[in-house]
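Undergrad: This is the structure, below, for whatever I ask next.
Rule-based calculations on the coordinates, nothing more; no lab input. Predicted model, so just to flag it, every value in this text is computed and none were measured. Please note: Cβ atoms are built from the backbone with ideal geometry, for glycine as well, and neighbour counts cover all protein chains shown.
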C-alpha cells in the first residue's frame, strides 16, 4: 500500500522499526562526545530536557512516550522532503530511521536520485552513509526496507542497564528486551495491562501535569442533623 508522503503516520510498526536499530537507557548518560543523552538517543536538542533524568531511571513506557513524541518531529522533515512523491509505509519507515540516525534526509544524495527516478543509483548511494563501520548493518537494513520492503523489527530493543562513574554506558550491561507492550501503551495502542505501579515521572512536554483534586469536606452525621431539627421544637415545648 502506498500513500502521499504527507499522509504517512508514525504508527506502532514504523516506531518499532526505528527503535529496533537503537539502544535504550532509562536514565540520562553521556554519549561519546560528552552530551547528555537519554532514552532512545534523545538530547536536549529535541526540545525535551533530558538532564532531569540524571540518576533517575524511568519506566519503559515513559521513555518510549517521549521517544515517539520526538520521532514525530523528525517525521515532519521526512514528509517535507518527499512532498509530492508517493511512499510506501516501508519507505517512510526506512527514511525516518535514516534521518533519526543521521539527521541528513534533506541533503542526502540518494534522496535526490530516488526522486529523480534514478533508483539503481539511489540504492548504491544509500550505502555511502557507512561511517562508523558499526553502522553498516543498520544502513543495510534501512536500504533493504526502502528499496525491497524487507522489515526487520521484531518487538525487541537492546537496553543498557548500567553506567560508569563518568555516566557513560557500561556496554557489557546490554540485554535484549521486549518493548512491544510498553511501546503500544506509549502510543495509546491497545495492549494488555499489567498490575504494576508506575514510576513517579514528570509529564512529557505536550502533556500538562494534572492538578490535585481537593478532598470533599466531611458530611454531617445523621444524629447531628436530627438534633438540629428537634432542638427548636423542644425549646418551644418548655417555653410554654
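Undergrad: So what's the gap between the Cα centers of the range 138-154 and the range 17-56, to the nearest angstrom?
TA: 24
Undergrad: Where does each of 109, 180 land when they are ranked from fewest to most other beta-carbon atoms within 10 angstrom?
TA: The fewest-first ordering by Cβ neighbours comes to 109, 180.
Undergrad: Let me ask something else. Distances over 21 Å make up what percent of all Cα-Cα pairs in the range 1-97?
TA: When every Cα pair of the range 1-97 is considered, 37 percent fall beyond 21 Å.
Undergrad: Among 172, 97, 88, which comes first, then next, by fewest other beta-carbon atoms within 10 Å?
TA: With the fewest neighbours first, 172, 97, 88 line up as 172, 88, 97.
Undergrad: Subtracting the Cα-Cα distance from 0.36 nm times the residue separation, let me have the gained length for residue 56 to residue 118 in nm, one decimal.
TA: Gain on stretching residue 56 to residue 118: 17.5 nm.
Undergrad: Bin all alpha-carbon pair distances of the range 2-186 at 10 Å intervals from 0 and give each bin's fraction as a whole percent.
TA: With 10 Å bins starting at 0, P(r) equals 9, 37, 36, 16, 3, 0.
Undergrad: Please arrange 164, 81 by how many other C-beta atoms lie within 10 Å of their C-beta, fewest to most.
TA: Final ranking by Cβ density, sparse to dense: 164, 81.
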